[in-house]
Amino acid sequence: MFFNALLLALVPAALAANFPVTIGANNTLTFSPDTVVAAIGDTITFTVVSRNHSTTTTTFSGSVCPPPPGGVGPNGWDSGFLSDIDGSLPTFTYKVVDTAPHFAACMQAAGAHCRAGMTFALNPTAAQTYTQFLANAKAS
Ligand SMILES: [Cu+2]
């Protein structure tokens, strides 16, 4: 009886996945991977491994770069600036709360990192692909 209750309590945690995303690998202006497909309850843990960057939600098209402080919602996110200049490997974790596509970028340098392709998609769709978002960011 106690064992069954314990098992049931553990099931949700066992089903939720965490997706690690590296920001600035090898000192590049990148998120890797640049796309994550995740379910409600999953988490994404961003880790900045070089320089000073952010992960901040923005619009799919139009004024993509730079993403605005606070991020674009609903259910967006904004890590704020996370500096690895001291080698601290700062992290930011987002918990997925809906199935909508979310598009994010780095807000550094007035949008220069974003326009250089420092972009990320959570649950992109056939109508709103990561490839098109990246093109929109570069052109914004
Ligand atoms: Cu950046």
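Where residues in the stretch 78-114 are among the polar types (S, T, N, Q) and part of a strand (DSSP E or B), which of them is nearest to the ligand (Cβ to nearest atom)? Explain how you work it out, then say what you get.
Of all residues in the stretch 78-114, those among the polar types (S, T, N, Q) come to 79, 83, 88, 91, 93, 99, 108.
Retained after the next criterion (residues that are part of a strand (DSSP E or B)): 83, 91, 93.
Working: Ser83: 11, Thr91: 15, Thr93: 18 Å.
Only one residue fits best here, namely Ser83.
Identify the single condition in (1) over 16 Å from the mean Cα position of the chain (by Cα); (2) within 15 Å of the ligand (Cβ to nearest atom); (3) assigned to a loop (DSSP other than H, G, I, E, B) that Gly117 does not satisfy, given that it satisfies every other one.
(1)
Which ones in the stretch 36-72 are among the hydrophobic types (A, V, I, L, M, F, W, C) and farther than 19 Å from Thr125 by Cα? Reasoning before the result, please.
First, pick out the residues of the stretch 36-72 that are among the hydrophobic types (A, V, I, L, M, F, W, C): 36-40, 44, 46, 48-49, 60, 64-65, 72.
Correct list: Phe46, Val48, Val49, Cys65.
Do you know which residues across the stretch 71-127 are within 16 Å of Thr43 (Cβ to Cβ) and charged (D, E, K, R)?
Residues satisfying the conditions are Lys95, Asp98.
Please enumerate the residues belonging to the stretch 36-66 that are part of a strand (DSSP E or B) and surrounded by fewer than 19 Cβ atoms within 10 Å (Cβ to Cβ).
Initially, the stretch 36-66 is screened for residues part of a strand (DSSP E or B), giving 36, 43-48, 52-53, 56-58.
If the condition is that a residue be part of a strand (DSSP E or B) and surrounded by fewer than 19 Cβ atoms within 10 Å (Cβ to Cβ), then Thr43, Thr45, Thr47, Asn52 are the ones that fit.
Looking at Thr99, is it over 23 Å from Thr129 (Cα atoms) and among the β-branched types (Val, Ile, Thr)? Before the answer, list the steps.
Details: over 23 Å from Thr129 (Cα atoms): no; among the β-branched types (Val, Ile, Thr): yes.
Here the answer is no, as Thr99 does not meet what is asked.
Taken together, the values in this text are just the output of simple stated rules run on the coordinates, not laboratory data. Given the structure is predicted, the values throughout are model-derived calculations rather than measurements. Please note: Cβ atoms are built from the backbone with ideal geometry, for glycine as well, and neighbour counts cover all protein chains shown.
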